[in-house]
Number of protein chains: 2
Amino acid sequence: MQSVVEDKSPTDSQGQFAGNMMTTQMLVIDLLDFGRKTFPQQEIVSRRLEGDIHRYTYADCWCRTGQLAHALTELGVQAGDCVATLAWNTYRHMELYYAVSGIGAVLHTVNPRLFSEQIEYIINHAEDRYVFVDLGFVDILEAIQDQLPTVRGYVILTDSATMPKTSLANALCYEELLQQQPDTFTWPRFDENSAASLCYTSGTTGHPKGVLYSHRALVLHAQATVSRALLDLQSDTVLLPMVAMYHASAWGAPYAAPLAGSKLVLPGKGMDGASMWELIKSEQVNVGLGVPTIWLTLHNYLTEQEITVTPLERVCVGGAASPIGMVRTYAERYNVYWQPIWGMTETAPLATSLPPTSALLALPKEQRYELQTTAGRAAFGVEMDIFDADDQPVAHDGTSSGELRVRGPWICSQYYKNDDLSSFPNGWLATGDIAVIDPQGYMRVVDRKKDVIKSGGEWISSLEIENIVSLHEAVNECAVVGVKHPKWDERPLLLVVLNKGMQADQATILEYLHGKIAKWWLPDAVEFVAELPKTGTGKVRKNDLRDQYFHYLSTQGKTS
Amino acid sequence: MQSVVEDKSPTDSQGQFAGNMMTTQMLVIDLLDFGRKTFPQQEIVSRRLEGDIHRYTYADCWCRTGQLAHALTELGVQAGDCVATLAWNTYRHMELYYAVSGIGAVLHTVNPRLFSEQIEYIINHAEDRYVFVDLGFVDILEAIQDQLPTVRGYVILTDSATMPKTSLANALCYEELLQQQPDTFTWPRFDENSAASLCYTSGTTGHPKGVLYSHRALVLHAQATVSRALLDLQSDTVLLPMVAMYHASAWGAPYAAPLAGSKLVLPGKGMDGASMWELIKSEQVNVGLGVPTIWLTLHNYLTEQEITVTPLERVCVGGAASPIGMVRTYAERYNVYWQPIWGMTETAPLATSLPPTSALLALPKEQRYELQTTAGRAAFGVEMDIFDADDQPVAHDGTSSGELRVRGPWICSQYYKNDDLSSFPNGWLATGDIAVIDPQGYMRVVDRKKDVIKSGGEWISSLEIENIVSLHEAVNECAVVGVKHPKWDERPLLLVVLNKGMQADQATILEYLHGKIAKWWLPDAVEFVAELPKTGTGKVRKNDLRDQYFHYLSTQGKTS
Ligand SMILES: Nc1ncnc2c1ncn2[C@@H]1O[C@H](COP(=O)(O)OP(=O)(O)OP(=O)(O)O)[C@@H](O)[C@H]1O
Ligand SMILES: Nc1ncnc2c1ncn2[C@@H]1O[C@H](COP(=O)(O)OP(=O)(O)OP(=O)(O)O)[C@@H](O)[C@H]1O
Ligand SMILES: [Mg+2]
Ligand SMILES: [Mg+2]
């Protein structure tokens, strides 16, 4: 009898005792293939850049994705080539997600909100061959095209009728490219560890850094996303990703939706309250994805319109901490479950969440809201822990904080073409977030390493102060930043945007904080502002605020 | 700037353009680790062989699994070694599932219902080092121990108080082995393609054949199992696997339950109606897993007891075709959704199902029942197609039949230590099932290749006839087999078990079939029997029936 057991050490990948299972690879194209086979009539609805609403089915999407694959092949795009997009959330961008990765090329989603030097830098760093661009972003490329030597052509995401005049060399029309192509394509099979897509962080310090996702990572991430531990998507879900497809793949929604058979509602560039609400109402959206600011925008709009009844059941909220005021407002005013999420570009991006299990919903209201301001627990596949400055693990006691580190099959192990491994100690990704983990595994980001306020050698958590201030009825938004202080090094400054028509002064706000935080955490000053500066993804630009207000205390003579 | 792009061909696994993602491997132990971290207080309830009900939590299970890993290590079990079990569904078997695979060894679940020569054959073929055995199966091993040269010892799954007298050489007591061990274990990390467990088919022809599952296959299968496309398990689910852990891993329930956080109810050897119902009622089981015969057993018991109200919401039914009569009975009498499943030992085992989506539940009743007699559609990860005798694909028109072939990451690519690749043509597993697939992708097994009746060069589907006969009010169970006929080669013989206290004769039954199938499909005879012979997994032994009744027509003078 023939024996396959030669070397039984399973750590030895050569002579290991392997199972007798097929080596079928997990590829991104399989997700759409499953969706179009299992839910062919499910819809993808898009607000187009042309202004109208477009709707088609997964079956249609599959055919056009096949056409696009033929077009890419004709353009000479090969396996391993990078293809860039500068585009909002629409069906055409979705087609690019699947066709580019499907032929073995790499989809590079460029964030059009980066500075133009950064856009130039990352297109060159990625060595993009083609750029597919939305109508509104053509001018960005016109200005830098002479500095983009690797780019062979620009494809404008529109049809002949609406092709703009452009100075772009070799400008092509997306719909014309697809028109004559056959709608079936023989998708190649290849190693699941191959690169599928590329996304750069915004690079608040230094050059943006690229995260190169593999097919394996994206498929496993999509399966986790669909599961009850994260977004819990199903064929009844009508999903509105109010997060951009140019940033962290819209949290993977384009990959997860076909797997779940969910209806996908793509908002185009309509990120304002009115546009958002229009789609929610007309498409009966029941699950939304977005940063807290987006849900604040929606809340402000609904308040203005005196609307409290919505088809929404859940909003899934990440990218920043969940303020308890918003958690409560969404629960009590709109009957919507606010589902916190934690993740980052480097984690594909979803890693933790707090799904509305019946055990959670059975808790007393206030206890539940409190939990909803954490980031929840790690999904299957993600391991997380917190470490001190000496790389020692910190206790999971809910109060001791340390830098959050994560690892798992959809977590970045190195930045693209970058030898600096300082963010990847001992096989972990060091996230730059300061967090606590409680004995039940609930994680809470208490600050970012770079935002934490160092006052007299001790740390003050800006997030904790913001969370409390956001509960004050007059407060719409707020931010706490560390500003220069001659004696304490840094002290907290609180910036507040008031609700429309509401009044409050420094004394009221400080009084409100009194007793809720340590006395020495109390901000040295409160400044009322009309708005807070935001990144393209809707996050408060704390670095800008810090720069702007750095000498605030001395200028205002508040350094006593 | 350093370039990692040297060879862009992603099919070249050496120089491929790989993503920058962590190489974290998917291992079986991670499933239980997730369960004990995320749902530490969730319960595992077992009917023990000792007779009582045992309950503990995932947290407890984790600790004892750690102790068992230490014990196995002390026994000298090494990575790659095979460890056999002859055991029913209990928490101790669950501990073995995780500890054996967790240390890198291979769990060989032996089916105690095999003939003793087959048990001897497979233990030797697998080269098992230890056998862990339930109280009731000790005698099986006593009889063959002299023929088992690779086995170093036998561990009896009980405590000192109930240790039986045994002639087994080197007999150890499970609870004694665990007692002094520390309850934390440092689980090794290794290649996910390593073998994790081994299960032999029953070998109705020739020797049983081994299916060697990898960690990767079992983890991906568990994720698919938990998903809405298959079993849709969640933390509210109370799952009763009425399928044996010694056969196809109880359909993966021990792996899937911790991932979903479901309560797991393990029936021990209590496969009868009364024992089953006792657990369903006391533990408030809402999802059951089992072959059709099991649900017939339960139905017969409930009818006897005049019970119609149960906590069950779904029964997931595979291993044999779903008779429409049972689908209807469970819906209308018990308000339970009968969820069909298709799979086999070679597919880990789950591959297709028909989950109760709201779209399905919205269909007219009769149309839905009809769909529930199919095997549903393929889960994400499983590709399936049907082929004719010349390896050509057969149309998916719902009527043309061909041999079903499947492929995917949890599907067998070769039998263990077996060079015969005839069941694995062109990278597929040829299942031996004859099936049709309709344009929507719903698959229906119309027969097994070996059970199909060849009459005058044409095929008669035994399953289709059985499905109709099972609807007759007097019929409890039935089977159709092909028996010898001088002119037509084979003709169908129908065997019927009547409901208690009911009457029917051959003419009534044939009359009932009349007009519902082609005239030449009508069985040549109907034989009324007290019961049908079943395999250890509850399937009708058609080969035995065929042998027994092969000359029936000539003996009875019915060959005109
Ligand atoms: N639930 C959460 N609570 C608190 N902070 C969160 C949460 N989810 C995400 N974040 C913050 O968002 C970060 C990830 O954001 P993302 O990757 O989208 O870009 P960025 O880190 O804001 O920008 P860049 O890295 O490009 O400067 C996390 O590191 C964390 O600081
Ligand atoms: N939904 C279903 N409809 C019809 N038949 C089914 C269904 N599910 C499973 N089966 C049958 O069960 C078979 C798989 O069973 P399993 O692997 O448990 O052992 P077996 O094939 O009965 O025994 P062995 O291969 O050891 O002789 C399938 O090949 C198929 O014939
Ligand atoms: Mg970041
Ligand atoms: Mg079989």
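The values are calculated or read from the model by the stated rules, or taken from the named source; none is laboratory data. What you are looking at is a predicted structure, and each value in this text was computed from that prediction instead of being measured. Neighbour counts are summed over all protein chains in view; Cβ atoms, including those assigned to glycine, are modelled from backbone coordinates with ideal geometry.
Some notes on this structure:
- Qualifying residue in segment A:448-461 (condition: surrounded by 21 or more Cβ atoms within 10 Å (Cβ to Cβ), more than 14 Å from every other protein chain (Cβ to nearest Cβ) and hydroxyl-bearing (Ser, Thr, Tyr)): yes
- Note on segment B:188-214: residues that are surrounded by 19 or more Cβ atoms within 10 Å (Cβ to Cβ), under 28 Å from B:THR158 (Cα atoms) and away from ligand 2 (no atom under 16 Å from the Cβ) total 2.
- Under the condition of being part of a loop (DSSP other than H, G, I, E, B) and within 18 Å of A:GLY515 (Cβ to Cβ), the residues counted in segment A:468-486 number 4.
- Among the residues of segment A:152-171, those identified as outside any helix (DSSP H, G or I) and out of contact with any Leu (no Cβ under 8 Å at 6 or more places or on another chain) are A:ASP159, A:MET163, A:LYS165, A:THR166, A:SER167, A:ALA169, A:ASN170, A:ALA171.
- When segment A:325-351 is filtered for residues that are among the aromatic types (Phe, Trp, Tyr), more than 10 Å from ligand 1 (Cβ to nearest atom) and surrounded by 24 or more Cβ atoms within 10 Å (Cβ to Cβ), the ones remaining, listed by number, are A:TYR330, A:TRP338.
- Consider segment A:435-447 and keep the residues that are away from chain B (no Cβ under 14 Å) and modelled with pLDDT of 95 or more. The one that is farthest from ligand 1 (Cβ to nearest atom) is A:VAL436.
- Count of segment B:11-42 residues which are in contact with a helix residue (DSSP H, G or I) (Cβ under 8 Å, 6 or more places away or on another chain), more than 8 Å from chain A (Cβ to nearest Cβ) and among the acidic types (Asp, Glu): 1
- Just one of the listed residues (A:GLN503, A:GLN548) is in a helix (DSSP H, G or I) and over 26 Å from the mean Cα position of the chain (by Cα), namely A:GLN548.
- Residue that is of a type in the set (Val, Ile, Thr) and touching a Gly at 6+ places or on another chain (Cβ under 7 Å), where the choices are B:THR109, B:THR90, B:THR73, B:THR57: B:THR90
- Failed condition for B:GLN440, given (1) away from ligand 4 (no atom under 16 Å from the Cβ); (2) in a strand (DSSP E or B); (3) surrounded by fewer than 19 Cβ atoms within 10 Å (Cβ to Cβ): (2)
- Only one entry in B:ALA59, B:ALA69 is at pLDDT 95 or above and either part of a loop (DSSP other than H, G, I, E, B) or out of contact with any Lys or Arg (no Cβ under 7 Å at 6 or more places or on another chain) (or both), namely B:ALA69.
- Exactly one residue among A:PRO349, A:PRO323 is within 19 Å of the chain's Cα centre (by Cα), more than 11 Å from chain B (Cβ to nearest Cβ) and modelled with pLDDT under 95, and that residue is A:PRO323.
- Odd one out for A:ASP232 among (1) at positive phi; (2) at pLDDT below 95; (3) within 11 Å of another protein chain (Cβ to nearest Cβ): (2)
- Sole exception among (1) surrounded by 23 or more Cβ atoms within 10 Å (Cβ to Cβ); (2) more than 13 Å from ligand 1 (Cβ to nearest atom); (3) assigned to a strand (DSSP E or B) for A:ASP385, by number: (1)
- Some residue of segment A:138-146 being within 14 Å of another protein chain (Cβ to nearest Cβ), closer than 14 Å to A:ALA84 by Cα and either in contact with a Ser or Thr (Cβ under 8 Å, 6 or more places away or on another chain) or assigned to a loop (DSSP other than H, G, I, E, B) (or both): no
- A:PRO355 more than 16 Å from ligand 4 (Cβ to nearest atom), farther than 14 Å from A:ASP433 by Cβ and within 12 Å of chain B (Cβ to nearest Cβ): yes
- The single residue among A:THR201, A:THR237, A:THR166, A:THR225 that is among the polar types (S, T, N, Q), in contact with a strand residue (DSSP E or B) (Cβ under 8 Å, 6 or more places away or on another chain) and not assigned by TED's automatic domain parsing to the domain that holds A:ILE122 turns out to be A:THR225.
- Residue, farthest from the other protein chains (Cβ to nearest Cβ), within segment A:389-432, restricted to residues that are charged (D, E, K, R) and assigned to a strand (DSSP E or B): A:GLU403
- Any hit, segment A:70-77, residues being aliphatic (A, V, I, L, M), surrounded by fewer than 19 Cβ atoms within 10 Å (Cβ to Cβ) and without any contact (Cβ under 8 Å) to a residue 40 or more places away in the chain: no
- Selected residue [within 12 Å of ligand 2 (Cβ to nearest atom) and either more than 28 Å from B:VAL475 (Cβ to Cβ) or surrounded by 18 or more Cβ atoms within 10 Å (Cβ to Cβ) (or both)] from B:SER282, B:SER322, B:SER358: B:SER322
This table checks each residue for (1) in contact (Cβ under 8 Å) with a residue 24 or more places away in the chain; (2) farther than 17 Å from A:HIS485 by Cβ; (3) among the hydrophobic types (A, V, I, L, M, F, W, C); (4) part of a loop (DSSP other than H, G, I, E, B).
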position: A:ILE434; (1), (2), (3), (4): yes, yes, yes, no
position: A:VAL445; (1), (2), (3), (4): yes, yes, yes, no
position: A:ASP451; (1), (2), (3), (4): yes, no, no, yes
position: A:GLU466; (1), (2), (3), (4): yes, yes, no, no
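- Subset of segment A:190-215 that is at the interface with chain B (Cβ under 8 Å from one of its Cβ atoms) and not in a strand (DSSP E or B) - its residue that is nearest to the chain's Cα centre (by Cα): A:HIS215
- Top-ranked residue in segment B:521-560 [being within 16 Å of ligand 2 (Cβ to nearest atom) and hydroxyl-bearing (Ser, Thr, Tyr); ranked as modelled with the highest pLDDT]: B:THR535
- Every residue from segment A:324-354 that is of a type outside the set (A, V, I, L, M) and either part of a strand (DSSP E or B) or within 30 Å of A:GLY210 (Cα to Cα) (or both): A:TYR337, A:TRP338, A:GLN339, A:PRO340, A:TRP342, A:GLY343, A:THR345, A:GLU346, A:THR347, A:PRO349, A:THR352, A:SER353
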